[in-house]
Amino acid sequence: MRPGTRKLGLRVLLLVTTLVGGLGVGHAQKATGEPNDADALKGVKTLKVVYDISAVTEPKMMVLFLQAIADARDRALAANVKPELVLTFRGPALKLIQKTTGEATEEQKQIAKLLADLKQHGAAMEACDFAVQALKLERESFLPEVKVVANTFNSLGGYQAKGYGIIPVP
């Protein structure tokens, strides 16, 4: 091996090592930076999601889940992804999306405000009439953003057939 060739080989090795090391640092910085949804949303133009909200019984938990849904919507928009959202309500969760009679609690006000915000930004909301009847609720008692449909099991199946992902909300 000629002396110049060996020197060139060491320089190439040093250059490659530096580049690979630099890539590793860049990756480490990305991993420790602000959390984002870039991997999941890469190449996605439209995010079609149905939130199946059924077992939520505590107003504070409903507020938290609605805040999480609004946050996910905002983050999708920030990633230039158009969210197409549907919230279906059935079971005990129906009791938390009704108009208030008399003085509203802080959580009831927050739920109403969050539903209005979601609706204003294009989300559809459906309440299951089968569950409404089983729970002996009144169809007219729901917040104005919520549409009463015959059976949200059909909603879940129908939206899934249209390419929506179903996210159960416990």
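The values are calculated or read from the model by the stated rules, or taken from the named source; none is laboratory data. The structure displayed is predicted, hence computed values, not measured ones. Positions of Cβ are backbone-derived with ideal geometry, glycine not excepted, and every protein chain shown enters the neighbour counts. Please note that ligands, DNA and RNA were not included when accessible areas were found on the heavy atoms of the full protein model with its side chains. Shrake-Rupley method; radii C 1.70, N 1.55, O 1.52, S 1.80 Å.
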Going through (1) of a type in the set (Lys, Arg); (2) under 30 Å from Asn36 (Cβ atoms); (3) out of contact with any Lys or Arg (no Cβ under 8 Å at 6 or more places or on another chain) one by one, Lys82 fails only at (3)
Right, Ala72: open to solvent by 60 Å² or more (accessible area, probe 1.4 Å), among the aliphatic types (A, V, I, L, M) and either within 18 Å of Val50 (Cα to Cα) or within 19 Å of the chain's Cα centre (by Cα) (or both) or not? no
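How many of the residues in region 31-47 are part of a loop (DSSP other than H, G, I, E, B), in contact with a helix residue (DSSP H, G or I) (Cβ under 7 Å, 6 or more places away or on another chain) and either within 14 Å of Glu84 (Cβ to Cβ) or of a type in the set (Lys, Arg) (or both)? Please lay out each step first, then the result.
We begin by selecting, within region 31-47, every residue part of a loop (DSSP other than H, G, I, E, B); these are 33-37, 42-45.
Then keep just the ones that are in contact with a helix residue (DSSP H, G or I) (Cβ under 7 Å, 6 or more places away or on another chain); that gives 37.
Then keep just the ones that are either within 14 Å of Glu84 (Cβ to Cβ) or of a type in the set (Lys, Arg) (or both); that gives none.
Result for region 31-47: 0.
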Practice prompt. Please indicate, with yes or no, whether at least one residue in region 127-147 is modelled with pLDDT of 95 or more, closer than 11 Å to Val50 by Cβ and not aliphatic (A, V, I, L, M).
Written response: no
Over region 48-58, the set of residues surrounded by 17 or more Cβ atoms within 10 Å (Cβ to Cβ) and either of a type in the set (D, E, K, R) or in a helix (DSSP H, G or I) (or both) is Asp52
